[in-house]
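No lab work stands behind these numbers, since they all come straight from the coordinates. All of these numbers come straight from a predicted model, not from anything done at the bench. Backbone-built Cβ (ideal geometry, glycine too); neighbour counts: all protein chains shown.
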Amino acid sequence: MNRSSAVPPTVETLLRSTRVVLPEGTRPGAVAVSGGRVTAVLPHDVTPPPDARPVDLGDTALLPGLVDTHVHVNDPGRTPWEGFATACRAAAAGGVTTIVDMPLNSLPPTTTVEALAVKREVARPRAVVDIAFWGGAVPDNAADLRPLHDAGVMGFKCFLSPSGVEEFPPLDAERLDTVMAALAAFDGLLLVHAEDPARLDAAPA
């Protein structure tokens, strides 16, 4: 991406704002877009090419799309809690252009490649933002972790105490060791709800 004052030879859309959010801070600027990609960040007063479509955003902040890495889309199975149609539209309305869906609360949970395929099939016609997926690590699915990784999940989530849904049970210490060893073999990422179930059980009501 060009960040000089030189206008690219082809500009389909020129977005102008007094508040362009960049790594070094916020300043007036103009963002050139072609083929669905940002091709240059230019001075605010740049003259657009004659065939470019100018869009003046005034003082509305112009920034890269955000990524929400912790979204529970309970679709399929518990869609009234939150489905892909509503989750994606809400994300887009808030400037989030990518969501990463958590592996539990849907039926089935995302603990096998087959379940991941079901999720993707349900999500595809409802997606108005990009969608990625976390896989689930539950008792006795250690053999599914590498296939899920190879199928494209971002990483894995597990619980050490009850998750709140029966189909996504927690790992005990022995199974946590098994999961971590399996993930270490391919440098996988593990998110752990690390609450101690014994302490939770002993806590005052």
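Please check the chain for the longest run free of GluC sites (Glu not before Pro) that are loop-located per DSSP (anything but H, G, I, E, B) and have at most 11 other Cβ atoms within 10 Å.
Numbers: sites that count: 24, 166.
It runs 25-165.
Taking 193, 44, 70 as the candidate residues, the one with maximal mean-square fluctuation in a Gaussian network model of the chain, Cα springs under 10 Å, is 44. Considering only 193, 160, 107, the residue lying farthest towards the positive end of the dipole of the stretch 66-202 is 107, judged by Cα position with unit charges set on Cβ. Against the main long axis of the alpha-carbon atoms of the chain, helix 113-123 sits at an angle near 40°. Toward the positive end of the charge dipole of the stretch 66-202, about the Cα centre and with charges on Cβ (Lys, Arg +1; Asp, Glu -1), which of 72, 132, 94 goes farthest? Most positive-ward Cα: 94. Dipole size of the stretch 13-56 about its Cα centre, with +1 on Lys/Arg Cβ and -1 on Asp/Glu Cβ: approximately 120 debye, rounded to the nearest 20. Under the convention that each Lys and Arg Cβ holds +1 and each Asp and Glu Cβ holds -1, the size of the dipole of the stretch 66-202 around its Cα centre is about 540 debye. Exposed loop sites here are chymotrypsin sites (Phe, Trp or Tyr not before Pro) assigned a DSSP state other than H, G, I, E or B and surrounded by at most 14 other beta carbons within 10 Å; excluding them, the longest clear run of the chain is 82-185. Close amide H pairs (under 5 Å, H built 1.01 Å from N) link residue 78 with 107, residues at least 5 positions away or on another chain. Taking amide H atoms as placed 1.01 Å from N in the peptide plane, the amide H of residue 135 lies under 5 Å from those of 154, 155, 156, 157, each 5 or more residues away in sequence or on another chain.
If you take the square roots of the eigenvalues of the alpha-carbon gyration tensor of the stretch 126-204 and sort them as a ≥ b ≥ c, do you get rounded (a/c under 1.5), prolate (a/b over b/c) or oblate? Taking the square roots of the gyration eigenvalues as a ≥ b ≥ c, the stretch 126-204 is oblate. The residues neighbouring residue 175, those whose beta-carbon lies less than 15 Å from its own, together hold a net charge of -4 under the Lys/Arg +1, Asp/Glu -1 convention.
Note the angle between two axes, namely the Cα long axis of helix 142-151 and the longest principal axis of the Cα atoms of the chain, as a number of degrees from 0 to 90, rounded to the nearest 10. Between helix and principal axis, roughly 20 degrees.
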